[in-house]
């Protein structure tokens with residue numbers, strides 16, 4: 001499947017029907033129902049469509065091995081069409097139909113639109129996306145990276161590599177961008193930065209013309225941090241290149257989000273060459289045999305691996321981690337699954353070991369700092385099993401099992 005720019009912007013539509021994996025011989029007690037809400041059309045479809053593909057592949061692997069407790073796993077899917085209002089509407093519809101588990105949501109706004117619904121109805125919720133951290137909820141499990149894992153790896157590496165002192169942050173104007181920018185500020189100051197300026201942009205704002213570049217230049221910034229999200233924000237990278245900033249040896253570009261939606265594959269190489277990013281998954285990782293097996297199974301199912309990205313892998317991890325918890329628990333009810341996960345279980349997936357932290361319901365993950373060159377992600381440093389220390393600052397579900405908050409720091 002070749003990913004084109006028009007697919008990033010418009011996305012591929014997927015119907016809202018239940019998706020069934022070919023059956024073996026399953027128990028007559030009925031399927032295990034997995035609810036999934038993702039944006040597979042609209043401006044966020046570049047994130048959601050590969051996640052939906054990863055969902056089907058993960059469930060196929062489970063069902064091809066006989067299911068769970070002899071029961072087929074059935075995906076009950078809806079395309080939320082990049083409309084945050086659809087998340088609460090569809091989540092209410094799905095839980096009324098009956099669900100055993102839920103994997104979905106992309107933007108933090110979508111997570112918060114459905115988290116309380118799932119908690120109230122007793123449906124375990126897996127949020128499998130990198131995000132700003134801080135959710136402390138015994139019903140919610142997170143397999144994506146948080147700033148303590150990603151930003152606290154990327155910022156010190158970049159500051160040391162480039163000798164940077166002044167940072168300019170361009171961030172999406174919603175909770176992910178706002179909170180992640182606060183963490184960028186904290187980690188930058190802790191590593192010797194003298195100045196951090198932040199500018200926010202609405203998700204539909206694609207105006208990154210000369211005025212934005214001029215602000216960066218006037219600030220004397222030597223390290224620019226992109227915390228931009230979605231199709232509209234892609235235009236920044238074109239303006240960055242058109243103004244020659246990509247050729248300026250005194251200013252360097254890094255990102256917490258670039259590549260998460262395969263942006264490096266849909267934009268010309270010169271718009272990202274030299275950029276540093278930090279992700280859990282490294283596409284070419286010979287040290288993880290499970291990655292090759294994952295790539296081979298994806299190719300067998302979809303023809304090639306072009307669509308895979310960071311949060312598609314996180315979605316795959318989340319489903320496999322849930323399945324392992326179900327195997328160890330001997331059932332799929334919420335309390336059994338939660339206790340199994342809180343035992344600190346782990347899986348080894350395409351990005352390496354994914355180990356649940358019982359105190360926060362987030363995962364310890366390997367982080368790969370990568371440099372872009374010719375639309376390829378090249379690993380320059382690997383940091384093993386980084387813990388979700390940011391969320392653990394505030395969250396201890398062992399001591400406070402009824403917690404139902406998202407903690408945050410402010411600038």
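Annotations
- Packing-based ranking of 217-230, 374-387, 49-62 yields 49-62, 217-230, 374-387, ordered from highest to lowest mean Cβ neighbour count within 10 Å.
- When the alpha carbon gyration tensor of the stretch 219-269 is reduced to an equivalent ellipsoid, the three semi-axes, largest first, read 19, 12, 10 Å.
- Considering only beta bridges that DSSP places wholly inside the chain, some 45 percent are antiparallel.
- Rg and Dmax of the stretch 158-204, Cα atoms only, in Å: 11.2, 34
- The stretch 66-143 and the stretch 273-294: distance between their alpha carbon centers, rounded to Å: 27 Å
- In terms of the mean number of neighbouring beta-carbon atoms within 10 Å, the peptides 316-324, 231-239 order highest first as 316-324, 231-239.
- Intensity falloff of the stretch 117-184 expressed as log10 I(q)/I(0), Debye formula with alpha-carbon point scatterers, at q = 0.11, 0.19 Å⁻¹: -0.36, -0.83
- The alpha-carbon atoms of the stretch 151-255 define a convex hull whose volume equals 82 cubic angstrom per residue.
- On Cα atoms only, tilt of 108-120 relative to the major axis of the chain in degrees: 30 degrees
- q = 0.09, 0.14 Å⁻¹: log10 I(q)/I(0) that the Debye formula gives for the chain, counting C-alpha atoms only: -0.50, -1.26
- Rotationally averaged projected area of the stretch 281-328 (alpha carbon convex hull; nm²): 3.7 nm²
- Principal-axis tilt of helix 175-190 within the chain, Cα atoms, nearest 10 degrees: 60 degrees
- Residue-averaged 222 nm ellipticity for the chain, from DSSP H runs of 4+ at -39500 (n - 2.57), nearest 500: -11000 deg cm²/dmol
- Rg/Rh (Cα only; Kirkwood hydrodynamic radius) as it applies to the stretch 38-193: 1.05
- Equivalent-ellipsoid semi-axes of the stretch 79-171, from the Cα gyration tensor, Å, largest first: 34, 14, 9
- For the stretch 210-351, Kirkwood radius (reciprocal of mean inverse C-alpha pair distance, Å): 18.0 Å
- Taken over the stretch 263-411, the ratio of Cα radius of gyration to 2.2 N^0.38 Å equals 1.19.
- Principal-axis tilt of helix 84-97 within the chain, Cα atoms, nearest 10 degrees: 10 degrees
Each value in this text was obtained by applying a stated rule to the coordinates, not by laboratory testing. Since the structure is predicted, the reported quantities are computational estimates derived from the model, not experimental observations. So basically every Cβ, Gly included, is an ideal-geometry build from the backbone, and we count neighbours across all protein chains shown.
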